[in-house]
Amino acid sequence: MAENEAPGGYVRLLVSLDREAEGEGPEDEWLWAEPLGSERFRVESTPFFAYGLSHGDVVRGREDGETARFSDVERKSGHRTLRVALDVDLDLERPEVQRFLDDLLGLGCTYEAMPPKIVALDVPPEIDVSEVVTRLQTQRRDGVLVWEWADPRPS
């Protein structure tokens, strides 16, 4: 298997990130995507840094071998992306954090983790997003985490 190819024939999709000229952080993000033909792709991962993208969105991109460069969103999937950052004293290995994440899985969400403290949370369209937000807000009030909407638009 090539370095840029995932099982199932996915390709890497390069998304340039908007950031201030002197801002910190990455300049772009790589996401896994399923090629659909005609320079269209379905996003198959949950973004950690890109805004306005969610799992399942159909996007356009310019192909270049086994990679593609994102250009725009063609059709939203109905999924929403939220980002979570844990408090400085916590990390993803803590049992209470794992219980909280398992609770979100029980609601029907999925997530990708960037140890030790970052979570990209995918909320599928059939899940009541207000229930997820209520649980995140409780954890925020308790000083466990901060969170943000990375892609609040379901369509």
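From the list GLU66, GLU44, the one residue that fits, being of a type in the set (D, E, K, R), outside the structural domain of VAL129 (by TED's automatic domain parsing), closer than 15 Å to LEU13 by Cα and in contact (Cβ under 8 Å) with a residue 60 or more places away in the chain, is GLU66.
When you look at ARG94, is it touching a helix residue (DSSP H, G or I) at 6+ places or on another chain (Cβ under 9 Å), of a type in the set (Lys, Arg) and either surrounded by 15 or more Cβ atoms within 10 Å (Cβ to Cβ) or modelled with pLDDT under 95 (or both), yes or no? Here the answer is no, as ARG94 does not meet what is asked.
Look through PRO95, PRO115 and report the one residue that is without any contact (Cβ under 8 Å) to a residue 12 or more places away in the chain and not charged (D, E, K, R). Show your work before the answer.
Details: PRO115 fails: without any contact (Cβ under 8 Å) to a residue 12 or more places away in the chain.
Going through PRO95, PRO115 in turn, just one is without any contact (Cβ under 8 Å) to a residue 12 or more places away in the chain and not charged (D, E, K, R): PRO95.
Among the residues of this structure, VAL59 does not count as one that is free of Cβ contacts under 8 Å to residues at least 40 places away in the same chain and aliphatic (A, V, I, L, M). Taken across region 54-73, residues that are closer than 18 Å to PRO152 by Cβ, acidic (Asp, Glu) and either under 15 Å from the mean Cα position of the chain (by Cα) or part of a loop (DSSP other than H, G, I, E, B) (or both) do occur, with at least one present.
Name the single residue that is surrounded by the fewest Cβ atoms within 10 Å (Cβ to Cβ) among those in region 54-88 being among the hydroxyl-bearing types (Ser, Thr, Tyr) and more than 21 Å from VAL146 (Cα to Cα). So the residue we want is SER71.
Within region 32-39, is there a residue that is part of a loop (DSSP other than H, G, I, E, B), surrounded by 17 or more Cβ atoms within 10 Å (Cβ to Cβ), within 17 Å of the chain's Cα centre (by Cα) and in contact (Cβ under 8 Å) with a residue 12 or more places away in the chain?
No, region 32-39 contains no residue that is part of a loop (DSSP other than H, G, I, E, B), surrounded by 17 or more Cβ atoms within 10 Å (Cβ to Cβ), within 17 Å of the chain's Cα centre (by Cα) and in contact (Cβ under 8 Å) with a residue 12 or more places away in the chain.
You will find that of GLU39, GLU34, the residue that is of a type outside the set (Gly, Ala, Ser) and farther than 22 Å from CYS109 by Cα is GLU39 and no other.
The values are calculated or read from the model by the stated rules, or taken from the named source; none is laboratory data. Not measured: the values here are computed from a predicted model. Cβ sites come from the backbone with ideal geometry, for glycine too, and all protein chains shown count toward neighbours.
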